[in-house]
Amino acid sequence: MEESQQYLNDNADDDERRAAAQVMEGLAGLRLEAKVRAVAAERAALQRRIRRQRFFVALVALVLLAGVAYFILKDKKTPVVVPPTVPQQQEQNTPPPAHKTDEKRTIEPIAQLRPSERLPNPRYAAPEPTMIRGDETENKARKALLNQVWYTGYPLTGLKTGKTFNKADENLKKRDFNAAYLELERLEGQLAGNDTLFYLKGYCLMEMGEGSEALTYFDPLQGRHASWEPQLQWYRGLALLLTDEREKALTLFKQLETQPKHPYRRQAEKAAGLLSK
Amino acid sequence: MRMIEWLAPSNPCRQFDGNERLFEALKRLDNAAILCVQTKAMPSARKFVQQYGLPPESADEVLNQSTFVFLQKIEDGSYQFQGHAPSTYLVEIVRRVALTMTRTQRKTHETLENHHDLHDPDVEAAQRQRESAELVRQFLAQMGEPCETVIRLHHLDGYSDEEVVRQGWTRYTTTDSLKIKRSDCMKKLVQIAQQWRSLNNT
C-alpha cells in the first residue's frame, strides 16, 4: 500500500500531514470494515448451511425412527392367533405326560415363537383316526405322524361364539368332544348353514378323528372369514392326514410353509418334512 | 460430489494446520482465516453477551466489532504471533468489546462522572478509525468519478495496477497513467480532509 507521504506537497504543514494521516487511517478502516462485512456474510451463510445440515440429519433420524416404529408396530398388527397349543384353562384338561414338566413351553404360543426357537411337540395327542385300511402297521405309523403334528387348540382363532353356543363351547373347552358333538348336532337342526356352527362342528369332528366328516364342514368355509382362514387351512391339512390323503395334505402344507407370515408356517414345515420322508 | 461436500461437517479451520499458518493468513486478511477465528470465538461472544446482560442478537455485532479491532492490531503490528492460538486473543477482545458495549448502554442512564475510568484504548482507537472511515467514505462520494473508483480499487479492494489495467476497470490503459491519476486523486482527498478539519477545528 502507498504511504501518505507521497500525496503531500513538498512544503506540507502539520495540518496537511494530519489530514493525510486521517485519510490513510480512514481508508484502512474502510478496508477492514469491508472485510469484516464480507466475512460476516460468509459466516451467516455458513450458519445457514449448518442449520440446514442439522435439519437434514434430524429429518433422516426421524424418518429412520418412523421406519423402525412402523416395522415394530406392523409386526404387532399381524393377526393375533390363538396359539394352537395353548393349553385349556380347565383343571380337568390333563396334558400328555411328556409335556407336563415344560411349563414355559406350554404357555408360549407356538405361532408366535421366534424362528430361532425349536418348535415344541404338540400339546395333545392326536385322536385315533378312522381306520380306512386294515393294515395295522400303517395305521400305527399314521397315528405316530399325527401325534407329531397335532397342533390344535380351542377356542378357535377369530371365532366369536354367541350365547347359543355356550354349552358346546364349554364342552369343547373341556375337550369333551362327544358332548360337544351332541350339542352341535342339536343346534344344526336350528341353525342350518351357520358358519360358526360349521367351524365348531368341523373342529369337533377333527378332534374326534373323523377327518372326512370334518372336511365336509371345513371346505365350505374356505375363503369366507379372513380371521379364521390361517387356522382353518391348518386344520384342513390335519383332517386330510386323518383321512390318509397324504398328497393333498403335503400340497397344502407346502403352500403354508412358503408364507412367511402364516401363523402355522413352522408347523406346516414340520408336517411337510415328515410327509416327505 | 456436491452432496458429499454439502454433508461434510463445516469447519473453516480445516485448511489451517497450525496457529502460525493461521496467523500468516490473518495478516493477508484471508477470509477463511478470519472466519476460522470468528467461529472459534463465537461461543465466547454469546457467553459474554449473556453474562453482561446485552441482547442476545448483539453477539454478531460484538464479534464483528471485535474482529475489526483484532485485524487492526494485526495490521499495525501490535499483535505479534507468539505461538498462541490467535482466537484466544480475539476472545479477549470480544470480552472487552462486550464490556464496552455494556458501559455505553449504562452511560445513557447514569452520570458521566461515574465512568471516567471506563476507557479501553484499543476499542477507542477502533472507534476513531471507524469515524475516519466514515469521513473518507463521504469525501470519496464528494469527489465522484473517476477518483472514487481509482482510489477504491487500490486502497480498499487491494487490486494491483496491472490487474486494474488488464481488466479495464478504469479509462486508464497504462499503469503509469493510473498511478498518476491516483496520486492526483489522493492529493485532492487530503485537501478535502484538510478543509473539513479546519472547518471543524479538529
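Readers should treat all values here as calculations from the given coordinates under stated rules, not as data from a laboratory. Keep in mind the model is a prediction, meaning the values are calculated, not measured. Glycine also receives a Cβ, built like all others from the backbone with ideal geometry; neighbour counts cover every protein chain displayed.
First check a/c for the stretch A:195-252, with a ≥ b ≥ c the square roots of the eigenvalues of its C-alpha gyration tensor; if it is under 1.5, answer rounded, and if not, answer prolate when a/b is larger than b/c or oblate otherwise. Walk me through the numbers on the way to the answer.
On the way: a/c = 2.19, a/b = 1.25, b/c = 1.75.
Oblate, since a/c reaches 1.5 and b/c is not below a/b.
Is there a simple number for the mean count of other chain Cβ atoms within 10 Å of the Cβ of residues in B:26-34, and what is it?
Counting Cβ atoms of other protein chains within 10 Å of each residue's Cβ and averaging gives 3.
Within a 10 angstrom radius of each residue's Cβ in B:182-188, how many Cβ atoms of other chains show up on average? Whole number is fine. Please report the intermediate quantities before stating the final value.
Values: counts 2, 3, 1, 1, 9, 6, 1.
Neighbouring Cβ atoms belonging to other protein chains average 3 per residue here.
Sorted by average packing, counted as other Cβ atoms within 10 angstrom per residue and highest first, what order do B:86-92, A:205-211 take?
A:205-211, B:86-92
What's the average, rounded to a whole number, of partner chain beta-carbon atoms within 10 Å of each residue's beta-carbon in A:34-45? Can you show the working numbers first?
Numbers: counts 6, 9, 11, 2, 4, 15, 8, 1, 6, 11, 1, 2.
Neighbouring Cβ atoms belonging to other protein chains average 6 per residue here.
Add -39500 (n - 2.57) for each DSSP H run of 4 or more in chain B, then divide by its residues: what number comes out at 222 nm, to the nearest 500 deg cm²/dmol?
Per the formula, -22000 deg cm²/dmol.
In this model, which of B:K47/B:K73; A:K140/A:K160; A:K173/A:K270; A:K74/A:K160 are farther than 28 Å apart at the alpha-carbon?
A:K140/A:K160
Between rounded, prolate and oblate, where does chain B land on the alpha carbon gyration tensor, with a ≥ b ≥ c its root eigenvalues, rounded for a/c under 1.5, else prolate if a/b exceeds b/c?
Oblate is the answer for chain B, as a/c is 1.5 or above yet b/c matches or exceeds a/b.
Scan the stretch A:129-188 for trypsin sites (Lys or Arg not before Pro) in coil per DSSP, keeping those whose Cβ has at most 14 other Cβ atoms within 10 Å, and list them by number.
Values: sites: A:R133, A:K140, A:R142, A:K143, A:K160, A:K163, A:K167, A:K173, A:K174, A:R175, A:R186; in loops: A:R133, A:K160, A:K174, A:R175.
Here the sparse-neighbourhood loop sites are A:R133, A:K160.
If packing is taken as the average number of other Cβ atoms within 10 Å across a peptide's residues, how do B:45-55, B:162-172, A:236-246, A:48-58 rank, most packed first? Before the final figure, lay out each step's value.
Details: B:45-55: 17.0, B:162-172: 14.2, A:236-246: 22.2, A:48-58: 11.3.
Per-residue Cβ counts within 10 Å, averaged per peptide and sorted highest first, yield A:236-246, B:45-55, B:162-172, A:48-58.
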